[in-house]
1. Quick one: which of 11-20, 42-51 comes out on top by average Cβ neighbours within 10 Å, and what's the full order, highest first?
2. In nanometres, what is the gap between the two model label sites at residue 57 and residue 30, each 7 Å from Cα along Cα-to-Cβ?
3. How charged is the neighbourhood of residue 41? Take every other residue with its Cβ under 14 Å from the Cβ of residue 41, and add Lys/Arg as +1 and Asp/Glu as -1.
4. Quick one: which residues, 5 or more positions from residue 9 or on another chain, have an amide H under 5 Å from its amide H? H modelled 1.01 Å from N in the peptide plane, none for Pro or chain starts.
5. Could you let me know the centre-to-centre spacing of the range 1-18 and the range 41-59, using Cα atoms, in angstrom?
6. Taking log10 I(q)/I(0) by the Debye sum over Cα atoms at q = 0.11, 0.12, 0.27 Å⁻¹ straight from the coordinates, which label in [x] -0.43, -0.49, -1.11; [y] -0.29, -0.34, -1.50; [z] -0.38, -0.44, -1.39 is the correct one?
7. In what sequence do 1, 38 fall when counting other Cβ within 10 Å, fewest first?
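A short reminder: the numbers here are calculations on the coordinates, not readings from a lab. All figures in this text were calculated on a predicted structure; none of them were measured in a lab. Cβ placement follows ideal geometry from the backbone for every residue including glycine, while neighbour counts extend to all protein chains displayed.
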Amino acid sequence: MDGWYLTDKLGRKFALQGSLNSKESKKFKVRNSSAESMQLGNSGGRIVLYQPNGEIEASVYYNKAQTGETITFS
């Protein structure tokens, strides 16, 4: 996954690292350590997965979650 990255609805990046086997899932913690860091809005947004060459691989929109709700993307 080295070179792949995620962006939020404002285009802020989160670099991915490590490996991922076929049909395997992986969790990532997204922390807003700075204003330039990827952030997931509480009221909804968009997450985009990019290949190392900058092409979009996948994209998902999400809506506002209820208190304590976990949103799972598949």
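1. On the way: 11-20: 12.1, 42-51: 14.2.
Highest mean packing first, the order is 42-51, 11-20.
2. 1.6 nm
3. Details: positive: 9, 12, 46, 64; negative: 8.
My count for the surroundings of residue 41 gives +3.
4. The answer is 46.
5. Going from one Cα centre to the other spans 8 Å.
6. Answer label, from the structure shown: [y].
7. Details: 1 14, 38 21.
Least crowded to most crowded, the residues run 1, 38.
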